[in-house]
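The values are calculated or read from the model by the stated rules, or taken from the named source; none is laboratory data. A quick note: this is a predicted structure, and the numbers were derived from the prediction, not measured. In this analysis, Cβ positions are derived from the backbone assuming ideal geometry, glycine residues included, and neighbour counts consider all displayed protein chains. In case anyone asks, the SASA skips ligands and DNA or RNA and just uses the protein heavy atoms, side chains included. Shrake-Rupley method; radii C 1.70, N 1.55, O 1.52, S 1.80 Å.
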Amino acid sequence: MTEQDTRTQILRAATAVFAEKGFAKASMNDIVRASGLSKGGVYWHFKSKDELVTAVFDAFFAGQIAYLDAILAGEGTAQEKLLRFTHESAIALAELAAQFPSSLEFYALAARQDGLKEQLATYFYQYEERIASLIAKGIAAGEWRDVSAEETARTFISLFEGVLLVWSILPEAFALDRQLETAVTLLLNGLQTKSS
């Protein structure tokens, strides 16, 4: 088994343990048992549970950024791209939420763990940069009125995170994908030029 295979095996085991017990209650011993590896083998790759949490979310965030990049490089108007990203991200977030404890626990953990907080900030800045670029292109193409692309990107991200947090508290109250699409559609309608 290669180093990468072993690392992947550990991350899968950690994901399963976090899903079952939550971040706070999961222990490295639980992850070692679930991985089927020796304690030394797991600790060789990940020195702590915090490091494992960071690695699990790093993989998710990297996938989201790669997916956004693929959409940005594809065909369609800026509005079509944002709506496509919203729809597909809602599906990915619902799948992630089914595998992990609530978003509230994740944010609470990030507030206490500097490494995870920095990782989350890095992700947000990468996300903001790409969304702002797309919004600027939509403005330049005449799709939307002239607004601050950066502030609008932050609003877009805030809509996503806010809807996700409310959904994590009340998952039975609404469908995540429909609510995200409604929120983003309302934002995009507010960007329309008077002639649109």
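Taking region 75-174, which chymotrypsin sites (Phe, Trp or Tyr not before Pro) meet the DSSP loop condition and have no more than 16 other C-beta atoms within 10 Å?
Values: sites: Phe85, Phe106, Tyr107, Tyr123, Phe124, Tyr125, Tyr127, Trp144, Phe156, Phe160, Trp167, Phe174; in loops: Phe174.
When the chymotrypsin sites (Phe, Trp or Tyr not before Pro) of region 75-174 are filtered for loop state and at most 16 Cβ neighbours within 10 Å, Phe174 remain.
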For the chain, longest principal axis from Cα atoms; helix 103-112 axis from its Cα atoms; angle between them, nearest 10 degrees, is 70 degrees
Loop by DSSP (not H, G, I, E, B), at most 14 other beta-carbon atoms within 10 Å: where is the longest site-free stretch of the chain for trypsin sites (Lys or Arg not before Pro)? 48-144
The simple spin-label model distance between Met1 and Ala62, using points 7 Å out along Cα→Cβ, in nm, is 1.9 nm
In the chain, what percent of the accessible surface is made up of carbon and sulfur (1.4 Å probe, ligands and nucleic acids excluded)? 55 percent
In Å², rounded to a whole number, the accessible area per residue of the chain with probe 1.4 Å is 52 Å²
Separation between the Ala175 and Ser133 pseudo-spin-labels, each 7 Å from Cα along Cα→Cβ, expressed in nm? 3.3 nm
Kirkwood hydrodynamic radius (Cα pairs, Å) of the chain? 18.3 Å
Under a Cβ-Cβ cut-off of 9 Å, what is the net charge of the residues other than Ala90 that fall near it, where Lys and Arg count +1 and Asp and Glu count -1? -2
Quick one: Debye curve from the alpha-carbon atoms of region 90-193 only, equal weights, vacuum; give me log10 I(q)/I(0) at q = 0.10, 0.12, 0.21, 0.25 Å⁻¹ to two decimals. -0.33, -0.47, -1.15, -1.33
Placing +1 at every Lys and Arg Cβ and -1 at every Asp and Glu Cβ, with all other atoms neutral, what dipole size does the chain have around its Cα centre, in debye to the nearest 20? 380 debye
Env charge @ Glu80, Cβ radius under 14 Å, K,R +1 / D,E -1, value -1
Helix 3-25: inclination vs the chain longest Cα principal axis, degrees, rounded to 10, gives 80 degrees
Nearest 10 degrees, 0 to 90: what angle lies between the long axis of helix 49-73 and the longest principal axis of the chain (Cα atoms)? 30 degrees
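If you stretched the chain out fully between Ala94 and Lys194, how much longer would it get, using 0.36 nm times the residue separation minus the C-alpha to C-alpha distance?
Values: separation 100, 0.36 × 100 = 36.00 nm, distance 3.54 nm.
Taking Ala94 through Lys194 to full extension adds about 32.5 nm, to one decimal.
Could you work out how much longer the chain between Gln126 and Ala19 gets when fully extended? Use 0.36 nm per residue separation minus the Cα distance between them, nm to one decimal.
On the way: separation 107, 0.36 × 107 = 38.52 nm, distance 2.67 nm.
Residue separation times 0.36 nm, minus the Cα-Cα distance, leaves 35.8 nm.
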Label zone at Ser48 (point 7 Å along Cα-to-Cβ), backbone N below 14 Å, region 1-40: 28
